[in-house]
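Peer 1: Below you'll find the structure I mean.
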Amino acid sequence: MPDMTEKLDRFTAKILAEASAETKRAMDETEHQREATLRKAEDQVLREAYRYIHGEVARIKGAAGRSVSRRMLENRRALSLRREEMAQETFALVRARIAAFTRTPEYGKRLEELLGDALKQLPGAEDVQVCLREEDKGWIPALTRAARGRKLDFQTGEFRMGGLVALSPSLGLRVDSSFDSAAQELSGHFAELFGLSLSDE
């Protein structure tokens, strides 16, 4: 099983590395386009100011200032939208890879590992409920064997990507090992790392 954990860790690391590399490439491209647009806007403002400088300096400065501010705001908005698109594209790729993984035998082994870890966090619980996706119910016999005699009550969970949630009402404890929660946490880290905000310069 440690071998499967290593494989899953390598698989996860590979997905994250590919997602990070794709994000960096897209960010670099977006930054290059942004700089080119800004240079073009600045050049245009300078040409306009030079052409009218002798008679209408005050008017041109006001118009140019408004134009530059508007263009900078538009560029910031465009950059923010592109970053959001890149985040969505990246996570669509991650979801597709996870969906493909859940159709492999290794996924069943991973569910067994997740169950083992969850049961360790619910010591002494006599009322363990295990929530799975409807399409993962075929793994119940293997998970029952992996529980080594502990009684489990299997239910359908609200998550969609995979994994499991184990809980004990009597202990008031819940262990969320769903892929949905992991992806949501990753999404937050992604936004934090790459600064998906309109205020970026």
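Peer 1: Keeping the other protein chains in place, figure out the carbon and sulfur percent of the accessible area of the chain, with a 1.4 Å probe.
Peer 2: Working: 6960 of 12780 Å².
Of all accessible area on the chain, carbon and sulfur atoms account for 54 percent.
Peer 1: Cα axis of helix 2-101 to longest principal axis of the chain: angle in degrees, 0 to 90, nearest 10?
Peer 2: 10 degrees
Peer 1: Related question: Take every DSSP beta bridge whose two residues both sit in the chain, then give the antiparallel share in percent to the nearest 5. Let's see the in-between values first.
Peer 2: Details: 9 of 14 bridges.
Looking only at bridges with both residues in the chain, the antiparallel portion is about 65 percent.
Peer 1: Which of these, LEU171, LEU115, LEU132, has the largest mean-square fluctuation under a Gaussian network model of the chain (Cα springs below 10 Å)?
Peer 2: LEU171
Peer 1: Long-range amide H contacts for LEU164: which residues qualify at under 5 Å (H placed 1.01 Å from N, peptide plane, sequence gap of 5 or more or a different chain)?
Peer 2: SER177, SER178, PHE179
Peer 1: Taking amide H positions as placed 1.01 Å from N in the peptide plane, with prolines and chain starts having none, which residues 5 or more places from PHE154, or on another chain, fall under 5 Å of its amide H?
Peer 2: The answer is VAL130.
Peer 1: Pairs of alpha-carbon atoms within less than 8 angstrom and 6+ residues apart define the contacts here; what relative contact order does the chain have, in percent? Display every interim value, and only then the final one.
Peer 2: Details: 179 pairs, mean separation 40.6, N = 201.
Relative contact order, the chain: 20 percent.
Peer 1: To the nearest 10 degrees, how steeply does helix 105-120 sit against the main Cα axis of the chain, on a 0 to 90 scale?
Peer 2: Roughly 80 degrees between the two axes.
Peer 1: Could you work out how much longer the chain between ALA78 and GLU22 gets when fully extended? Use 0.36 nm per residue separation minus the Cα distance between them, nm to one decimal. Please report the intermediate quantities before stating the final value.
Peer 2: On the way: separation 56, 0.36 × 56 = 20.16 nm, distance 1.89 nm.
Here the segment from ALA78 to GLU22 would lengthen by 18.3 nm.
Peer 1: Turning to a different aspect of this structure: Can you give the accessible area per residue of the chain, in Å², using a 1.4 Å probe?
Peer 2: On the way: 12780 Å² over 201 residues.
On a per-residue basis, the chain sits at 64 Å².
Peer 1: Treating the angle as unsigned and between 0 and 90°, give the value, to the nearest 10°, between the Cα long axis of helix 179-194 and the longest Cα principal axis of the chain.
Peer 2: 30 degrees
The values are calculated or read from the model by the stated rules, or taken from the named source; none is laboratory data. Only a predicted model underlies this, so the values are computations on that prediction, with no experimental measurement involved. In case anyone asks, the SASA skips ligands and DNA or RNA and just uses the protein heavy atoms, side chains included. Shrake-Rupley method; radii C 1.70, N 1.55, O 1.52, S 1.80 Å.
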